[in-house]
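The values are calculated or read from the model by the stated rules, or taken from the named source; none is laboratory data. Here the structure is a predicted model, which means the values were calculated and not measured. Cβ placement follows ideal geometry from the backbone for every residue including glycine, while neighbour counts extend to all protein chains displayed.
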Amino acid sequence: MPAAELDAEREWEPTVEHAADLKVRPESSCAGTDEPPTRSVSRLRALKREQRILVAVESLVSISGLAGGIHMATHPMTAMPLEYLEGTWFHTWRWPGLALLFFVGICPASVVIATIQGRKVEVWGHLAVGIGLVAWILLEAAWVVVSPGLQILFGMIGVFIVVLAVAERKRSRRESGNV
């Protein structure tokens with residue numbers, strides 16, 4: 001490279017004195033690419049371990065609730081046997097499917113979004129999702145036991161969410177000095 005080009009490049013190189021003014025953040029680029037991550041990706045990376053676990057578990061619950069609710073609401077006569085509805089005020093699976101869609105699908109998704117956005121309400125949202133999931137499973141088990149293994153699994157997931165949410169609440173209170 002000619003000397004003139006080397007001198008021109010050196011003029012553009014930041015000096016050590018100016019390095020502090022650059023405000024370069026290590027998380028500003030994704031591994032293996034030169035493109036910056038989206039805000040939600042960098043916010044997800046900034047979450048504590050318990051929060052990331054809650055986001056992952058509640059995302060799984062939400063996806064299950066959304067898929068099951070949409071299926072039940074769009075196939076109200078065939079989603080499950082109608083005999084299971086005997087003794088209830090439901091004649092098809094549409095309203096139970098919409099309830100599943102909302103309570104087990106949309107509500108956990110809302111809490112996941114609040115957690116990623118760093119909303120203060122997220123701890124209470126995790127508690128509500130966990131308690132709500134346990135209540136949903138208990139109601140479902142009392143009403144109709146179709147797949148006890150699946151119901152037990154989701155009940156345990158609800159308890160796990162509550163335990164993690166309580167631990168997260170205690171941790172955040174300790175960090176803020178409000179013990």
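A compact table of results
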| quantity | calculated |
| --- | --- |
| Val134 vs. criteria closer than 17 Å to Leu164 by Cα and either buried (at least 21 other Cβ atoms within 10 Å of the Cβ) or touching a strand residue (DSSP E or B) at 6+ places or on another chain (Cβ under 9 Å) (or both) | no |
| Which numbered condition Thr88 misses (of (1) among the β-branched types (Val, Ile, Thr); (2) in a helix (DSSP H, G or I); (3) modelled with pLDDT under 95) | (2) |
| Boolean, Ile113 is of a type in the set (Val, Ile, Thr) and either exposed (fewer than 13 other Cβ atoms within 10 Å of the Cβ) or touching a strand residue (DSSP E or B) at 6+ places or on another chain (Cβ under 8 Å) (or both) | no |
| Trp89 surrounded by 14 or more Cβ atoms within 10 Å (Cβ to Cβ) and more than 18 Å from Ile137 (Cβ to Cβ) | no |
| Among (1) more than 22 Å from Ile63 (Cβ to Cβ); (2) at pLDDT 85 or above - the single one Val163 does not satisfy | (1) |
| Any chance Ile152 is part of a helix (DSSP H, G or I), surrounded by 19 or more Cβ atoms within 10 Å (Cβ to Cβ) and at pLDDT 85 or above | no |
| Matching residues, region 51-85, being part of a helix (DSSP H, G or I), polar (S, T, N, Q) and surrounded by fewer than 16 Cβ atoms within 10 Å (Cβ to Cβ) | Ser59, Thr74 |
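Yes or no, residue by residue, for (1) farther than 30 Å from Arg45 by Cβ; (2) aromatic (Phe, Trp, Tyr):
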position	(1), (2)
Val104	no, no
Ile113	no, no
Val121	no, no
Gly125	no, no
Ile131	no, no
Trp136	yes, yes
Val146	yes, no
Gly149	yes, no
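Per-residue answers, yes or no, for (1) in contact with a strand residue (DSSP E or B) (Cβ under 9 Å, 6 or more places away or on another chain); (2) touching a residue at least 40 places away in the same chain (Cβ under 8 Å); (3) under 17 Å from Ala165 (Cβ atoms):
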position	(1), (2), (3)
Gly68	no, no, no
Pro76	no, no, no
Thr92	no, no, no
Gly97	no, no, no
Leu100	no, no, no
Gly118	no, yes, yes
Gly125	no, no, yes
